[in-house]
1. Looking only at the range 334-353, how many residues end up being crowded, with 21+ Cβ neighbours inside 10 Å and out of contact with any Cys (no Cβ under 8 Å at 6 or more places or on another chain)?
2. With respect to the numbered conditions (1) surrounded by fewer than 20 Cβ atoms within 10 Å (Cβ to Cβ); (2) over 27 Å from Arg452 (Cα atoms), which one is the sole condition not fulfilled by Lys482?
3. Somewhere in the range 73-84, is a residue assigned to a loop (DSSP other than H, G, I, E, B) and open to solvent by less than 20 Å² (accessible area, probe 1.4 Å)?
4. Among the residues of the range 497-525, write down those that are out of contact with any strand residue (DSSP E or B) (no Cβ under 7 Å at 6 or more places or on another chain) and touching a residue at least 24 places away in the same chain (Cβ under 8 Å).
5. Given (1) open to solvent by 10 Å² or more (accessible area, probe 1.4 Å); (2) in contact with an Asp or Glu (Cβ under 7 Å, 6 or more places away or on another chain); (3) outside any loop (DSSP other than H, G, I, E, B), identify the lone condition not met by His167.
6. For Asn107, work out the one condition from (1) of a type in the set (S, T, N, Q); (2) touching a residue at least 12 places away in the same chain (Cβ under 8 Å); (3) open to solvent by 20 Å² or more (accessible area, probe 1.4 Å); (4) farther than 28 Å from Pro239 by Cβ it doesn't fulfil.
7. Scanning the range 114-129 for residues that are over 13 Å from the mean Cα position of the chain (by Cα) and among the polar types (S, T, N, Q), which turns out surrounded by the fewest Cβ atoms within 10 Å (Cβ to Cβ)?
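The values are calculated or read from the model by the stated rules, or taken from the named source; none is laboratory data. Keep in mind that what you see is a predicted model, and the values were worked out from it rather than measured. Neighbour counts run over all protein chains shown; Cβ positions are idealised from the backbone, glycine included. Quick note on the areas: whole protein, heavy atoms, side chains included, nothing else; ligands and nucleic acids left out. Shrake-Rupley method; radii C 1.70, N 1.55, O 1.52, S 1.80 Å.
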Amino acid sequence: MSNGKQHFQVCFCWSRVFKVRGGEIPEDIKKVFESYSMNETMSMDSLISFLKKEQNEVINVNRKAQNIFNSLKHLNKFHRRGLTLEAFFKFLVGEHNFAHQSKVHQNMDAPLAHYYIYTGHNSYLTGNQLSSDCSIEPIKKALKKGVRVIELDLWPDITKDDVNVRHGGTLTTPVKLIKCLKAIKEDAFSFSEYPVILTFEDHLHPYPHLQEKVAQMVKSTFGSMLFIPKSDMDVFPSPNQLVKRILISTKPPTKDSPAESDNKVSPERGRSENGLNNHNQQIQLEEGDEDEVPKYRDLIAIHATKHKGSMENFGSHGSSDKVGRCSMNELALEAAVAEHSHQLIRFTQRNILRVYPKGARVDSSNYDPLIAWLRGAQMVAFNMQGYDRFLWMMQGFFRANGGCGYVKKPEFLLSSDGVCDEVFNSMALPVKKTLKVKIYMGDGWRADFHFRHFDYCSPPDFYARVGMVGVPADACNMRKTKTVNDQWVPIWNDNVEFEFPIRVLELALLRIDVKDYDPSGEDEFAGQTCLPVSELKTGIRCVPLYNRKGDVYRSVKLLMRFDFTT
């Protein structure tokens, strides 16, 4: 690239030359700047006015404006009396102007059952479900992205003297449990301070000495970080009560198992198979010597159980005043949803429901999470190893609430009246808001990609798409812009605005992606993101894009406008 031109060598004797667009600002942005500036300069007062009127900022607006000025002072494009057009544009495409909220803002004092929780499935696998390696690396990566539920499958090693983590019945190579526990301790709260839940798929029941070894490893590794309720609970504690704590969730040994006969549990700590009870509502560590190692059963904070019988009495078997966790795969959920959505929603108002992928997903693909979210399932367990549209939805959904890994469930899923499928599917449900979306431009691909990445003989031909996912009545297909040919910096000056009527705002996600048009084959992926609609900031906003695996690009972004009408 030189002198504003880019040369593509097509053959030994012929090359194509393209003018490289750089520094061009969309016409709509110029018009906005002109309306808030004088003598080609936007003053502090004018910037404050822009933030209030165009961006709908209402909190600490003066401080935000000052921070914007301070962040741009080092630029040659900054004028001492205010912002030039170039400095204003630099702000619009920068980190001070992202499209969604970045801080925890929801009420975090409700019981755990009132939140969707960012949940992994087979969190230790590096790839497919049959032959990939087991490792601590995917666990660490998940925690650093805000995942709050880590699943570990516990198996005896070949000597029956130690515990491995592996996917049983497959060719996956094992990793030692102690290595996983140490990795979790190191990164559990590196991204979010809210509780981490370890779900053990326990295959150690024939080996009570290994269960006790697990108890010893867990206690010695986590120490005071480990949450051990003094007694059973009839309501879960809140995320705020469990800040920087680690909880164990698994099926406890039965009372007639060898492990249970060796571990004499006092009546005060006796727990039903259906869950937990806390008659004094206190949350504290086990009393006594910190060096004392509690028995395996005593470390289980959230009891897991399997549902037995028909769905008509789902969640009502055993001692129904005890809260706990129940699991089902995606196929069982679909079957239950067909006739028993009410029972599922009622169960998840106090208890935790975990949904996991069907066994046929050996490629580590995923399922539609909305089916589970609509029934109140808190732990929608996903394979984080690969990439697919549903994983992008999961990642986008948990960008809400500051990305802390806990998102408050809608109140209609917590009310005693319940919700029926007819309401979710009905187009007659009133539209609460209409989201209007406009895409101005994109940038950053030339910085993050080799210049031949998309097309060997020319710059890329980018187009952008937007669509809505949510309850069936809100979902719509992707809608696309025109294609901008042979440009690394596509600008869409076509005044096209996309509109999306939304009925259930809390579960709506805006899908955005960019592709390079290929007339001879499949259009090539160039970035994506999903944004929780309930947290969109209105006005002209910068939208960073992510790669297929959900890692944010260093430079690639879109400049868009979002507005709501009622």
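1. 3
2. (2)
3. Pass one, the range 73-84, residues assigned to a loop (DSSP other than H, G, I, E, B): 73-77, 80-81, 84.
Now restrict to residues that are open to solvent by less than 20 Å² (accessible area, probe 1.4 Å): none.
No, there is no match, as no residue in the range 73-84 is assigned to a loop (DSSP other than H, G, I, E, B) and open to solvent by less than 20 Å² (accessible area, probe 1.4 Å).
4. Taking the range 497-525 and keeping what is out of contact with any strand residue (DSSP E or B) (no Cβ under 7 Å at 6 or more places or on another chain), we get 503-504, 506-507, 519-522.
Hits for the range 497-525 are Arg503, Val504, Glu506, Leu507.
5. (3)
6. For Asn107, the exception is condition (4).
7. So the residue we want is Thr126.
Okay, residues lined up against (1) out of contact with any helix residue (DSSP H, G or I) (no Cβ under 9 Å at 6 or more places or on another chain); (2) among the charged types (D, E, K, R):
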site: Tyr440; (1), (2): no, no
site: Ala447; (1), (2): yes, no
site: His453; (1), (2): no, no
site: Tyr456; (1), (2): yes, no
site: Pro460; (1), (2): no, no
site: Asn477; (1), (2): yes, no
site: Lys480; (1), (2): yes, yes
site: Asn493; (1), (2): no, no
site: Phe500; (1), (2): no, no
